[in-house]
């Protein structure tokens, strides 16, 4: 019979980073109000403002989205993009310092984080393109927002989730013949495993799909057609899980959200894809049990 310490070791081996889901998705844009209007169509509500930066927190149910319109947030003199880009993926972990240290030991590139007085230091590594992967362990009794953000008066800080939606995953665009490299990146650092060809998740069947060891997150890696894409590696869009996709799509349509409807891609019980806003911003709906 295994001792408690042996069982803890086994848990660490199967989930080496102690992943516990997505804490937030961060978008960077020069048009925060326009992006905020889209998020509100999708059921999110603005609940807090950053104490010292032009950053807003949107929320619905268990999902947090940060809109970062702070000039120079990606480096001194960096221009804010007009079209929203996914700038960061923040992962919930058991121990942020330990997860960050393990990532660096395995060859990840550190992101120096410059914080103002009284702000939290959230460790991060470089992700795909110019994006960052943050490690957050304050997500239970206390959260990172308790320190760095001020609630917006009169707004429910915990708005309910529309149609039971929650985070499902992220779609990442990668360069030609880079699939194996990125699969190894997520496998070695985080313990992701590749799903087989018989997988039943995702709106578009292309690419490879990886599942996190805790079952909270899937990543779809796609090598887009070079004739139809700019070729830049990036986090392309997020996917929201819903227990009833047609019902969720109907609720979103009532709010003004339109969906792609073609012979090959349309709203069904498996999933759906919204039409784009603001130069390419899209969301997927994926069925979750």
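The values are calculated or read from the model by the stated rules, or taken from the named source; none is laboratory data. Not measured: the values here are computed from a predicted model. Every residue, glycine among them, receives a Cβ derived from its backbone with ideal geometry; neighbour counts consider all protein chains shown.
Only one of 59, 28 is buried (at least 21 other Cβ atoms within 10 Å of the Cβ), closer than 16 Å to residue 166 by Cα and modelled with pLDDT of 95 or more; which? Show your work before the answer.
Numbers: 28 fails: closer than 16 Å to residue 166 by Cα.
Only one candidate qualifies: 59.
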With criteria (1) part of a loop (DSSP other than H, G, I, E, B); (2) closer than 29 Å to residue 277 by Cα; (3) modelled with pLDDT of 95 or more, residue 80 comes up short on (3)
Would you be able to tell me the number of residues in segment 13-65 that are in a loop (DSSP other than H, G, I, E, B), farther than 21 Å from residue 81 by Cα and either free of Cβ contacts under 8 Å to residues at least 40 places away in the same chain or under 18 Å from the mean Cα position of the chain (by Cα) (or both)? 7
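Examine segment 110-119 for a residue that is at negative phi and modelled with pLDDT of 95 or more, and state whether such a residue exists.
Taking segment 110-119 as the starting set, the residues that turn out to be at negative phi are 110-117, 119.
Add one more test, that the residue is modelled with pLDDT of 95 or more, and what stays is 110-111.
Yes, segment 110-119 has at least one match.
Within segment 236-253, can you find the residues that are farther than 17 Å from residue 276 by Cα and either surrounded by fewer than 19 Cβ atoms within 10 Å (Cβ to Cβ) or not assigned by TED's automatic domain parsing to the domain that holds residue 184 (or both)? It would help to see each step written out before you state the result.
First pass over segment 236-253, keeping only residues farther than 17 Å from residue 276 by Cα: 241-248, 250-251.
Result: 243, 244, 246, 247, 250, 251.
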Look through 160, 213 and report the one residue that is surrounded by 13 or more Cβ atoms within 10 Å (Cβ to Cβ) and touching a residue at least 60 places away in the same chain (Cβ under 8 Å). 213
Matching residues in segment 216-235 (surrounded by fewer than 21 Cβ atoms within 10 Å (Cβ to Cβ) and touching a residue at least 40 places away in the same chain (Cβ under 8 Å)) number 10
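Let me confirm something: among 208, 276, which residue is surrounded by fewer than 17 Cβ atoms within 10 Å (Cβ to Cβ) and over 16 Å from the mean Cα position of the chain (by Cα)? Steps first, answer last, please.
Working: 208 fails: surrounded by fewer than 17 Cβ atoms within 10 Å (Cβ to Cβ).
Only one candidate passes the filter, namely 276.
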Could you grab me the full set of residues in segment 156-166 that are farther than 22 Å from residue 86 by Cα and either part of a loop (DSSP other than H, G, I, E, B) or at pLDDT below 95 (or both)? 156, 157, 158, 159, 160
Any residue that is part of a helix (DSSP H, G or I), within 18 Å of residue 90 (Cβ to Cβ), at pLDDT 95 or above and in the same structural domain as residue 268 (by TED's automatic domain parsing) - is there at least one of those in segment 167-188? yes
What number of residues within segment 103-131 are surrounded by fewer than 19 Cβ atoms within 10 Å (Cβ to Cβ) and outside any loop (DSSP other than H, G, I, E, B)? 4
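Quick check: is even one residue across segment 145-155 farther than 24 Å from residue 240 by Cα, part of a loop (DSSP other than H, G, I, E, B) and in contact (Cβ under 8 Å) with a residue 24 or more places away in the chain?
The first filter runs over segment 145-155 and keeps only residues farther than 24 Å from residue 240 by Cα, leaving 146-154.
Adding the requirement that they be part of a loop (DSSP other than H, G, I, E, B) leaves 152-154.
Pick out the ones that are also in contact (Cβ under 8 Å) with a residue 24 or more places away in the chain and you get 152.
Yes, there is a match, as at least one residue in segment 145-155 is farther than 24 Å from residue 240 by Cα, part of a loop (DSSP other than H, G, I, E, B) and in contact (Cβ under 8 Å) with a residue 24 or more places away in the chain.
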Filter result (in contact (Cβ under 8 Å) with a residue 12 or more places away in the chain and more than 26 Å from residue 131 (Cβ to Cβ)) within segment 237-251: 243, 244, 245, 246, 247, 248, 249, 251
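Against the definition (farther than 19 Å from residue 188 by Cα, in contact with a strand residue (DSSP E or B) (Cβ under 6 Å, 6 or more places away or on another chain) and in contact (Cβ under 8 Å) with a residue 24 or more places away in the chain), how does residue 87 come out, yes or no? Walk me through how you get there before you give the answer.
Working: farther than 19 Å from residue 188 by Cα: yes; in contact with a strand residue (DSSP E or B) (Cβ under 6 Å, 6 or more places away or on another chain): yes; in contact (Cβ under 8 Å) with a residue 24 or more places away in the chain: yes.
Yes; evaluated as a whole, the condition is true for this residue.
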